[in-house]
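Everything on this sheet refers to the single structure shown next.
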Ligand SMILES: *Cc1c(COP(=O)(O)O)cnc(C)c1O
């Protein structure tokens, strides 16, 4: 049976793990840093990348490997590598292809942590990041590229702007510039969107969000589509010998898996942004219900968005699943199964009313997180964007009254009842 023909839901449940006779039916937790070998020659083969077994958990671990294989299968990649966090996945991905003197193109609307990584840490390493408006025409974005530009980066669904990526446009830019298209698919998951089928070459995740789904384990993942030609003269790190790994040339030795093998043998080996096996174990367990959770997240979010749109106390609402939303048509095209569970809205009465609304909620909690089973909210103006003035907030697309709302999988009637009592406390403010 070719597991690659399974539907994504079956892959989420079964994954690539096979239990032998009398062995654990559930993917076991290998809470071990180290692995025993019978002979020096055999261990040497592992060091030479000739034998693909575990020797030290910084590089590989059976639990993490099975979890990687599952997400890789669900995305349709040639290889995947789990990381300690979503930030680590993004950092390794860029550092695997860009070095001092290079630049990358990145959508300006990506996750705040990624903006900070790109606008401060990467320039310190000599890697420039050219930010662009993802809604700008392709030719305008192409014109920003330089000869040293090595990738284009965007998010399927932006956090917190909730904008949807136009895959056709990014694919066209990537092909025109002959650079890889990297996408952060955290908010969509492989259940709602499969970027590798839409022209992306590398997919990254913060698995801390929907993939784990229960807000218990921080983590990230990199999936290699194996569909970019690294031998085009722009990526000597992949197409020329790596002296740090006794002269291996990744494109020659590993063909389409060159990118992901280098990410592990070079970046992970040297930087050690490795997930704990326990986090891989628990995230893999969470993933077994990903398809069911995403279905309910989308269903509840759609109902909450429609409820908010019709509510007399709601000033505005942004959710790509709502007819009339700026991203409705793009979402219909690239997220046909649903627009995921995150939206933003404002309460009539401005910043103070939005604050009062959040403070009045009982079931829905105030947390610095999104995308888990429990409904939650955050007011960027009073928390993540607290240092900015109202004018500065508006300039970066965060209105002072914005509430970012991550819809959980509770019964939607209970979420609505909680919103009703909180809206009532904001009247006549
Ligand atoms: C949270 C998040 C990240 C960062 O992931 P961590 O696991 O918190 O390091 C990256 N991208 C997106 C879209 C996110 O929501």
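In this entry, residue 218 is excluded by the filter for residues that are surrounded by 20 or more Cβ atoms within 10 Å (Cβ to Cβ), assigned by TED's automatic domain parsing to the domain that holds residue 266 and either modelled with pLDDT of 95 or more or within 13 Å of the ligand (Cβ to nearest atom) (or both). Taking the conditions (1) surrounded by fewer than 17 Cβ atoms within 10 Å (Cβ to Cβ); (2) in contact (Cβ under 8 Å) with a residue 12 or more places away in the chain; (3) within 20 Å of residue 279 (Cβ to Cβ) in turn, residue 101 satisfies each one other than (3).
Suppose the filter is within 16 Å of the ligand (Cβ to nearest atom), in contact (Cβ under 8 Å) with a residue 60 or more places away in the chain and part of a strand (DSSP E or B); does residue 205 pass it? Here the answer is yes, as residue 205 does meet what is asked. Does residue 331 qualify as being part of a loop (DSSP other than H, G, I, E, B), touching a residue at least 12 places away in the same chain (Cβ under 8 Å), within 19 Å of the chain's Cα centre (by Cα) and not assigned by TED's automatic domain parsing to the domain that holds residue 167? No. Condition check for residue 108 on (1) farther than 24 Å from residue 288 by Cα; (2) touching a strand residue (DSSP E or B) at 6+ places or on another chain (Cβ under 6 Å); (3) surrounded by 22 or more Cβ atoms within 10 Å (Cβ to Cβ): one failure, at (3). Residues in segment 105-131 that are more than 18 Å from the chain's Cα centre (by Cα) and closer than 25 Å to residue 161 by Cα: 119, 120, 121, 122, 123, 128, 129, 130, 131. Among the residues of segment 74-85, is there at least one that is surrounded by 14 or more Cβ atoms within 10 Å (Cβ to Cβ), within 16 Å of the ligand (Cβ to nearest atom) and farther than 23 Å from residue 227 by Cβ? The answer is yes, given that some residue of segment 74-85 is surrounded by 14 or more Cβ atoms within 10 Å (Cβ to Cβ), within 16 Å of the ligand (Cβ to nearest atom) and farther than 23 Å from residue 227 by Cβ.
Out of curiosity, is residue 197 within 28 Å of residue 373 (Cβ to Cβ), more than 16 Å from the ligand (Cβ to nearest atom) and in the same structural domain as residue 84 (by TED's automatic domain parsing)? Against the criterion (within 28 Å of residue 373 (Cβ to Cβ), more than 16 Å from the ligand (Cβ to nearest atom) and in the same structural domain as residue 84 (by TED's automatic domain parsing)), residue 197 qualifies. Would a scan of segment 21-38 turn up a residue that is surrounded by fewer than 18 Cβ atoms within 10 Å (Cβ to Cβ), touching a residue at least 40 places away in the same chain (Cβ under 8 Å), in contact with a helix residue (DSSP H, G or I) (Cβ under 7 Å, 6 or more places away or on another chain) and under 25 Å from residue 201 (Cα atoms)? Taking every residue of segment 21-38 in turn, none turns out to be surrounded by fewer than 18 Cβ atoms within 10 Å (Cβ to Cβ), touching a residue at least 40 places away in the same chain (Cβ under 8 Å), in contact with a helix residue (DSSP H, G or I) (Cβ under 7 Å, 6 or more places away or on another chain) and under 25 Å from residue 201 (Cα atoms). Of the residues screened, residue 346 is not one that is within 29 Å of residue 289 (Cα to Cα), at pLDDT 95 or above and not in a helix (DSSP H, G or I).
Return yes when residue 173 is within 13 Å of the ligand (Cβ to nearest atom) and either assigned by TED's automatic domain parsing to the domain that holds residue 226 or not in a strand (DSSP E or B) (or both) and no when it is not. So residue 173 does not fit the description; no.
Just a yes or no: is a residue in segment 52-64 within 16 Å of the ligand (Cβ to nearest atom), touching a strand residue (DSSP E or B) at 6+ places or on another chain (Cβ under 7 Å) and in contact (Cβ under 8 Å) with a residue 24 or more places away in the chain? Yes, some residue in segment 52-64 is within 16 Å of the ligand (Cβ to nearest atom), touching a strand residue (DSSP E or B) at 6+ places or on another chain (Cβ under 7 Å) and in contact (Cβ under 8 Å) with a residue 24 or more places away in the chain.
The values are calculated or read from the model by the stated rules, or taken from the named source; none is laboratory data. Computed from a prediction, not measured in an experiment: that's the story for all the values here. Every residue, glycine among them, receives a Cβ derived from its backbone with ideal geometry; neighbour counts consider all protein chains shown.
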